[in-house]
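The values are calculated or read from the model by the stated rules, or taken from the named source; none is laboratory data. The structure displayed is predicted, hence computed values, not measured ones. As a convention, Cβ positions derive from the backbone with ideal geometry for all residues, glycine included, and neighbour counts pool all protein chains shown.
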Amino acid sequence: MIKAYLLKRNKSKSLRTQIRNVERELLNRQQRTGVRTATLVRKIQQQMTAPATLLLAGGIGFILGELTQCQTAKPRGALEEPRASEAIPLRTALNLMTLIHTLYTALPLAWMMKSFHQQVQDVE
């Protein structure tokens, strides 16, 4: 019903008026998009510079650094078989992927806990 009214109303206006209205709507939409973008960037910056986030990022960096450290190669004889305790690159990669998946699933939980804690402090 509203759509039919708008169509009838637009038909009665001149083409110039319709173009001005559409241009005005487009300008308003662009301005709203700019405001929303600025708000989103500000919120992301606040989240990324929060102490808990920086601590988590530092911990992840440390763990990744420890897992990907170059190990000194020990000379082995031609007949000597590799020991099971030695790191195999594929195993290291799989362990790293498992760790990243675990951290990725835990990260939203940490942010939810942090935001809940902030809400509780705001209420008090």
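Within the range 71-124, being more than 21 Å from residue 51 (Cα to Cα), small (Gly, Ala, Ser) and modelled with pLDDT under 70 holds for 73, 77, 78, 84, 85, 87.
Going through (1) at pLDDT below 95; (2) over 27 Å from residue 99 (Cβ atoms) one by one, residue 23 falls short only on (1).
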